[in-house]
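Report on one structure; see the data block that follows.
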Amino acid sequence: MRFRMFIIAGLALALSLGLVACKKQEGKTAKAQAKVINGAGATFPYPIYAQWAYKYEKLTRTKINYQSIGSGGGVAQIKAKTVDFGASDAPLTPEELNESGLIQFPMVIGGVVPVVNLANIIAGSLKLSPEVLADIYLGKIKKWNDARIKQLNPGINLPNKSITVVHRADGSGTTWIFTNYLSKVSDEWKEKVGFGKAVAWPKANNVAGKGNEGVASFVKNVDGAIGYVEFAYALQNKMNYVQLKNKEGKYVKPMIESFQAAAANADWVNAPCYYLVLTDQPGANSWPITGASFILMHKKQQDKKQARTVLEFFDWCYRHGADLAVKLDYVPVPEEVYNLVEATWKKEIKANGQPVWDK
Amino acid sequence: MKLLLEPSTQTRNDGIFRLLTIVAASFILLIMILLFIELLSNSWLSLEKFGLQFLLTNVWDPVRQEFGALSSLYGTLVSTLIAMLIAVPLSLVIALFLVEMAPPMVSKFFGMAIELLAAIPSIIYGMWGLFVLAPLMAKYVQPFLQKISGNLFLFKGPPMGIGMFTAGIILAIMVLPFISSVMREVFLMVPNVVKESAVGMGATTWEMVKVMVRYGIQGMIGATFIGLSRAIGETMAVTFVIGNSHSISTSLFAPANSITATLANEFTEASEPVYLSALVELGLLLFVVTFIIQMVSQLWLKRVQKRMGVQ
């Protein structure tokens, strides 16, 4: 009887010890596999980053936490080193990057599309030149049947209606790209307003909406309104977009191809620190108001393994994320551009003097 | 036996309870002071750079880093004023209806419906204002007002449905439940004796109501200030409909801005230190304005108390 008890007790002990050992091992492997990357920043690319993160976690068990707290917050957080990467809709200037030891690279491309509310005009048929668009936003062209708009659209019967200008109320990368374009094409705009995520809009007949949906709803409600929204938003809501004259003097429609043309034709090689804004780029098919959303990382990394995990994720996004991006109406970064970016990683990102990326 | 034992535990419990209340109460004061210090220190950059000019200029130029709060301050005060002008008389009438005129069942039903209004989140008011109210305003209300006023300066400009006036209306709807339910309580507290004596002396309903209003004036002022402090700090709903333009216009149909709307719009993407600091100073300004309003309301209440002969 006693002997039996002994055996049982011994068995139980062995079993529990074994279980503990198993558990320990499990914990070890789980720790080795479950990597976590933290990022924060821009709201505009959030949907695609979230999709990429979801798919990537399924494939590799690497978890990506991306908090879309806004570009300003993203820049502040990466500077404070609380996240592995930051994201910004507007590129940082080379001086600012050097000051805080950061590098940036484009991750996804988007664009801005002017949209109008003009009854009995077929969607996508109105043509505008850069100068006319700038003068509309400066409040110098006040009516839709202005001679300068008529001249660009001989076949269209333009109404005698006053133009209501709609812009974003909240600070936004969309505004940054749009105003950057206007300052490139109009000296007066550059001098009077300049560009930024929020600007002092000229006192024209204007209203401001919060977010793309705010701008879109004003454009829809106000007869004779013109506004600007992100390409994906205009597409998904079937808004009445405008054809724009690009640098080569050709009228282009906002399409994935025209955005990609702008990104491919841009001179990335000679842009220091990828400080390149894709507005008003050369090329017959280039949509003039294109912009990239950027990722920010520290040049000097503390943890080589972690940094490599982060770069592996971005590498996957470049090479395998294009389909997902197009599905969500984002424009993927062209191959020649991401090859260039990966060369930069090799050169610039280091841990203890060793390059992190060596593929 | 038990009774004899109790006093000592009672006094001890009393002591604990007393301490607890003191700690809890001083916590509020502490939070307020810390908040003030935090706002002050974070807006120091802007306070130093712009000084008093911050209150007096109407520039808001993030590109050139020049900021002035005048348009936001103006928008906050005017939109709140419009809201109060609409909400206070309306709440008074609603409260009187519920207490004096309506049959009990109807009164209960309406009372609940009004309190339900208070439970709706402000973003819903904002969305509703933008997608439902604004088009209606643009199509019917604003052209009508322009027509009957003979294009008065207050109603000039293209009717776009948004702007100061619409923001005021939304705010009025939002504070209505707060003001009217407090006013209802106030009227319910008027002793029947007072009402009966009024009626007994041959007063009509209207005259009796005047007596009730006189009796409840203190509570009514209190109700008004509850609504006011809610209206002045309201953010989401206003942001959607006020138009968000940093300009001051005599027309109520023109797009404007308020302190809270500016903060909600621009805080996330503000990266330059001066810009951020100017935004925090806007928050500080709202803090100070609310504080002043509270002080004025207390003083006013005191005066009313004296005049009405209540101790």
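The values are calculated or read from the model by the stated rules, or taken from the named source; none is laboratory data. Note that the structure is predicted; figures quoted are calculated from it, not measured. Quick reminder, even Gly has a Cβ in these numbers, built from the backbone with ideal geometry, and neighbours come from all protein chains shown. Calculation scope for accessible area: heavy atoms of the full protein, side chains included, ligands and nucleic acids excluded. Shrake-Rupley method; radii C 1.70, N 1.55, O 1.52, S 1.80 Å.
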Study note, to complete from the structure: Per the 1/(1 + (r/R0)^6) rule, R0 = 45 Å and r from the Cβ atoms of A:Lys63 and B:Leu19, FRET efficiency to 0.05 is 0.45
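Give the average, rounded to an integer, of partner chain Cβ atoms located within 10 angstrom of each Cβ in A:238-250.
Taking the mean over all residues of the peptide, I get 0.
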Exercise for review: Identify all aspartates and glutamates with a Cα-Cα distance to A:Lys238 below 16 Å; exclude those on the same chain that are fewer than 8 residues away in sequence.
Suggested key: A:Glu213, A:Glu230, A:Asp329
Practice item. Of the listed pairs A:Lys305/A:Lys346; A:Lys81/A:Lys299; A:Lys304/A:Lys347; A:Lys55/A:Lys305, which have alpha-carbon separations greater than 18 Å here? Key: A:Lys55/A:Lys305
Check your understanding: Average partner chain C-beta neighbours within 10 Å, per residue of A:68-76?
Key -> 4
Practice item. Describe numerically, in nm with one decimal, the distance between label points set 7 Å from Cα along Cα→Cβ at B:Gln294 and at B:Phe110. Key: 3.4
Check your understanding: With heavy atoms of protein chains only and a 1.4 Å probe, what residues of the range A:164-184 have at least 40 Å² less accessible area in the full set of chains than alone?
Key -> A:Ala169, A:Gly171
**Study point:** Count, lysine Cα pairs under 26 Å in the range B:43-308, 8 or more residues apart or across chains
**Key:** 10
Review point. Of A:Trp316, B:Ile94, B:Val59, which is farthest on the positive side of the dipole of the protein assembly as shown, counting Cα position, with +1 on Lys and Arg Cβ, -1 on Asp and Glu Cβ, and the Cα centre as origin?
Key: B:Ile94
Study note, to complete from the structure: With the full set of protein chains present, the residues of the range B:44-68 whose 1.4 Å probe accessible area falls by 30 Å² or more relative to the chain alone are B:Pro62, B:Val63, B:Arg64
**Study point:** Neighbourhood net charge (11 Å Cβ-Cβ; Lys/Arg +1, Asp/Glu -1) for A:Lys197
**Key:** -4
Exercise for review: Would you mind computing, in nm to one decimal, how far apart the modelled labels at A:Ala284 and B:Ala118 are, each placed 7 Å from Cα along Cα→Cβ?
Suggested key: 6.9
Exercise for review: Report ³J(HN,Hα) in whole Hz for each residue of the range A:264-274, in order, from the Karplus equation J = 6.51 cos²θ - 1.76 cosθ + 1.60 where θ = phi - 60°; Gly and Pro get x.
Suggested key: 6, 7, 5, 8, 5, 4, 9, 8, x, 6, 6
**Study point:** Sequence-separation-based contact order of the range A:112-264, relative, with Cα cut under 8 Å and 6+ spacing, percent
**Key:** 37
Revision key, fill the gap. By the mean-Cβ-within-10 Å protection proxy, highest first, B:9-21, B:281-293, B:257-269, B:148-160 rank as B:257-269, B:281-293, B:148-160, B:9-21
Practice item. Give the whole-number value, in cubic angstrom per residue, of the convex hull volume spanned by the C-alpha atoms of the range A:286-336. Key: 111
Exercise for review: Return, ordered by residue number, the residues of the range A:113-130 whose backbone nitrogen is under 18 Å from a label point located 7 Å along Cα→Cβ of A:Gln151.
Suggested key: A:127-130
Point to revise | Candidates A:Gly86, A:Gly70, A:Gly124: whichever shows maximal mean-square fluctuation once chain A is modelled as a Gaussian network with Cα springs under 10 Å | key: A:Gly124
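Which FRET efficiency value, to the nearest 0.05, do you get for B:Glu185 and B:Leu30 by plugging their Cβ-Cβ distance into 1/(1 + (r/R0)^6) with R0 = 30 Å?
0.45
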**Study point:** Anchor A:Lys247: aspartates and glutamates whose Cα lies under 15 Å away (excluding residues fewer than 8 positions away in-chain)
**Key:** A:Glu131, A:Asp267, A:Asp280
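Over the whole of A:187-199, what's the average partner chain Cβ count within 10 Å per residue? Rounded to a whole number, please.
Mean shielding count: 3.
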**Study point:** Qualifying lysines (Cα of each under 17 Å from Cα of A:Lys142; at least 8 residues distant if same chain)
**Key:** A:Lys127, A:Lys150, A:Lys161, A:Lys203
Review point. Shape of chain B from its Cα gyration tensor (a ≥ b ≥ c, root eigenvalues): rounded if a/c is under 1.5, otherwise prolate when a/b > b/c, or oblate?
Key: oblate
Exercise for review: Distance between Cα centroids, the range A:216-259 to the range A:145-203: provide it in whole Å.
Suggested key: 13
Practice item. Please work out the FRET efficiency for the pair B:Phe131 and A:Lys359, using the Cβ-Cβ distance as r and a Förster radius of 51 Å; give the result to the nearest 0.05. Key: 0.50
Practice item. Per DSSP H run of at least 4 residues, take -39500 (n - 2.57); add these up for the protein assembly as shown, divide by its residues and hand me the 222 nm value, nearest 500 deg cm²/dmol. Key: -18000 deg cm²/dmol
Check your understanding: Under 14 Å from the 7 Å Cα→Cβ point of B:Ile248, by amide nitrogen: which residues of the range B:50-68?
Key -> B:53-60, B:68
Practice item. Give the peptides B:114-125, A:338-349, B:220-231 in descending order of average Cβ contacts within 10 Å, highest first. Key: B:220-231, A:338-349, B:114-125
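For chain A, rounded, prolate or oblate, judged on the Cα gyration tensor with a ≥ b ≥ c (square roots of eigenvalues), a/c < 1.5 rounded, else prolate if a/b > b/c?
Working: a/c = 2.92, a/b = 2.24, b/c = 1.31.
Note, shape of chain A comes out prolate.
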**Study point:** Distant-in-sequence amide H partners of A:Leu296 (H built 1.01 Å from N, under 5 Å)
**Key:** A:Gly86, A:Ala87, A:Ser88
Point to revise | Summed residue charge, Cβ within 11 Å of B:Glu100's Cβ, Lys/Arg positive, Asp/Glu negative | key: +2
Check your understanding: How many percent of DSSP beta bridges within the protein assembly as shown run antiparallel, rounded to 5?
Key -> 60
Point to revise | Inter-label distance, nm, simple model (7 Å from Cα along the C-beta direction), B:Leu77/B:Leu154 | key: 1.8
Review point. Seen from all sides and averaged, what is the projected area of the convex hull of the Cα atoms in the range B:238-303, in nm²?
Key: 5.9
**Study point:** Rg and Dmax of the range B:48-190, Cα atoms only, in Å
**Key:** 19.4, 63
Review point. Between rounded, prolate and oblate, where does the range A:112-264 land on the alpha carbon gyration tensor, with a ≥ b ≥ c its root eigenvalues, rounded for a/c under 1.5, else prolate if a/b exceeds b/c?
Key: rounded
Practice item. Would you work out which of A:Tyr228, A:Thr174, A:Gly196 lies farthest towards the positive end of the dipole of the range A:112-264? Charges go on Cβ: Lys and Arg +1, Asp and Glu -1. Key: A:Tyr228
Point to revise | Whole-percent pair-distance distribution, where bins are 10 Å wide, for the alpha carbons of the protein assembly as shown | key: 3, 12, 19, 20, 17, 12, 8, 5, 2, 1, 0
Review point. Please state the relative contact order of chain A as a whole percent: Cα pairs under 8 Å, 6+ residues apart?
Key: 21
Exercise for review: Could you please put B:Arg214, A:Arg61, B:Arg184 in sequence from largest to smallest accessible area, using a 1.4 Å probe?
Suggested key: B:Arg214, A:Arg61, B:Arg184
Check your understanding: For the pairing of chain A with chain B, what total accessible surface becomes buried, with a 1.4 angstrom probe, in square angstrom to the nearest 100?
Key -> 2100
